[in-house]
Amino acid sequence: MSQELPDGRQLTLRGLSRADRAGWEDLRRRNAAWLRPWESTAPQDRSGGLPFHQMRRVNDRAARDGLTLPFVIDVDGRVLGQMQLFDVLWGARRSGWAGYWLDRGATGRGVATWALAALVDHALLEVGLHRVEVAIRPENAASLAVVARLGIPEEGRQRGLMHVDGGWADHRSFAVLAEDLRPGGYAPGGLVASLHGRAG
């Protein structure tokens, strides 16, 4: 998935490749402290996450099984973060959770907003899901600004929803339905089209 941003930069959501390893590892290392307060953790796991090659294998397998849609956020050929749909459920639910992180130096320039819009559109208009949820810690002002710019409705607060940075954290819950992107919804044609309409 690729699109031109209002400032002329090219944003692409694509799979992580072997060639990304050095850049990815450097990006994660430089942003470790910046991301720690917001990223999910596993209780009692002090391993610090999977090595690059294992993470790629796990993501690729989960994508093949229809459990996740994993992408990197690439701007003008440079990986700046990750955007994914995880915990995808089919059957009667047809839903998933959107999660993302971004290089600290790339924040405040609309990248996360456009990338989340592209992911939601892809999931609801192309993949065939019915609902995409976004859970954000109440203290995360930057991510709350992203969902506000996209007009994603808030559905309430979920207590102890996710383990983050060593403890169970409350999250504010937002969700987009497929109906929201159809005629009569608040973003007919998709969130990307809505952003382009406002940018134009």
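The values are calculated or read from the model by the stated rules, or taken from the named source; none is laboratory data. Predicted model only: the values in this text are computed from it and were never measured. Cβ placement follows ideal geometry from the backbone for every residue including glycine, while neighbour counts extend to all protein chains displayed. What goes into the accessible areas is simple: the full protein's heavy atoms, side chains included, and nothing from ligands, DNA or RNA. Shrake-Rupley method; radii C 1.70, N 1.55, O 1.52, S 1.80 Å.
The alpha carbons of segment 126-176 give a radius of gyration and a Dmax of 11.9, 36 Å, in that order.
Here segment 1-73 and segment 87-141 have alpha carbon centers that stand 14 Å from each other.
Which value, in debye to the nearest 20, describes the size of the charge dipole of segment 97-177 about its Cα centre when Lys and Arg Cβ atoms bear +1, Asp and Glu Cβ atoms bear -1, and nothing else is charged? Could you put the intermediate results ahead of the total?
Values: 8 positive and 9 negative charges, 32 e Å.
The calculation lands at about 160 debye.
Heavy-atom accessible surface of residue 93, to the nearest 10 Å², is about 130 Å², with a 1.4 Å probe and all protein chains retained.
Apply the Kirkwood formula to segment 92-154: the hydrodynamic radius equals the inverse of the mean of 1/r over all pairs of different alpha-carbon atoms; give it in Å with one decimal. List each step's numbers first, then the result.
On the way: mean 1/r = 0.0803 Å⁻¹.
The answer is 12.5 Å.
Coupling constants for segment 17-30 follow from the phi torsions by the Karplus curve (6.51 cos²θ - 1.76 cosθ + 1.60, θ = phi - 60°), and in residue order they are 10, 4, 5, 7, 4, 4, x, 5, 5, 5, 4, 5, 5, 5 Hz; glycine and proline get x. Surface calculation, 1.4 Å probe, protein heavy atoms: residue 76 sits at approximately 100 Å² accessible.
Mind jotting down a quarter of the surface of the convex hull over the alpha carbons of segment 147-186, in square nanometres, one decimal?
On the way: hull surface 13.9 nm².
Average of the hull's projected areas for segment 147-186 equals 3.5 nm².
Once the Cβ-Cβ distance of residue 1 and residue 52 is raised to the sixth power relative to R0 = 25 Å, the FRET efficiency obtained is 0.65.
With all protein chains in place and a 1.4 Å probe, the accessible surface of the chain carries 50 percent carbon and sulfur. Overall, the ratio between the Cα radius of gyration of segment 95-195 and 2.2 N^0.38 Å, rounded to two decimals, is 1.07. Quick one: among 133, 155, 179, which has the greatest mean-square fluctuation in a GNM of the chain with alpha-carbon springs under 10 angstrom? So, out of 133, 155, 179, the one fluctuating most is 155. Modelled this way, with points 7 Å down the Cα-to-C-beta line, the labels at residue 198 and residue 33 are 3.3 nm from one another.
Remark: segment 1-67 carries 68 Å² of accessible area per residue (probe radius 1.4 Å; ligands, DNA and RNA excluded).
If you place +1 on the Cβ of every Lys and Arg and -1 on the Cβ of every Asp and Glu, how big does the dipole about the Cα centre of the chain come out, in debye to the nearest 20? Write down the numbers at each step before the final one.
Values: 26 positive and 23 negative charges, 74 e Å.
I would put it at about 360 debye.
Taking the charge dipole of the chain about its Cα centre, with +1 at Lys and Arg Cβ atoms and -1 at Asp and Glu Cβ atoms, the residue from 117, 153, 11 reaching farthest to the positive side is 11. Of 68, 108, 83, which is farthest along the charge dipole of segment 54-110 in the positive direction, counting Lys and Arg as +1 and Asp and Glu as -1 at C-beta? The listed residue farthest towards the positive side: 68. Solvent-free Debye calculation, one equal scatterer per alpha-carbon of segment 1-66: log10 I(q)/I(0) at 0.14, 0.17, 0.20 Å⁻¹ equals -0.62, -0.88, -1.10.
What is the mean projected area of the alpha carbon convex hull for segment 11-105, to one decimal in square nanometres?
Working: hull surface 28.0 nm².
Computing the convex hull of the Cα atoms and averaging its projections yields 7.0 nm².
Projecting the Cα positions of 50, 128, 143 onto the charge dipole of the chain (unit charges on Cβ atoms of Lys, Arg, Asp and Glu, taken about the Cα centre) puts 50 furthest along the positive direction.
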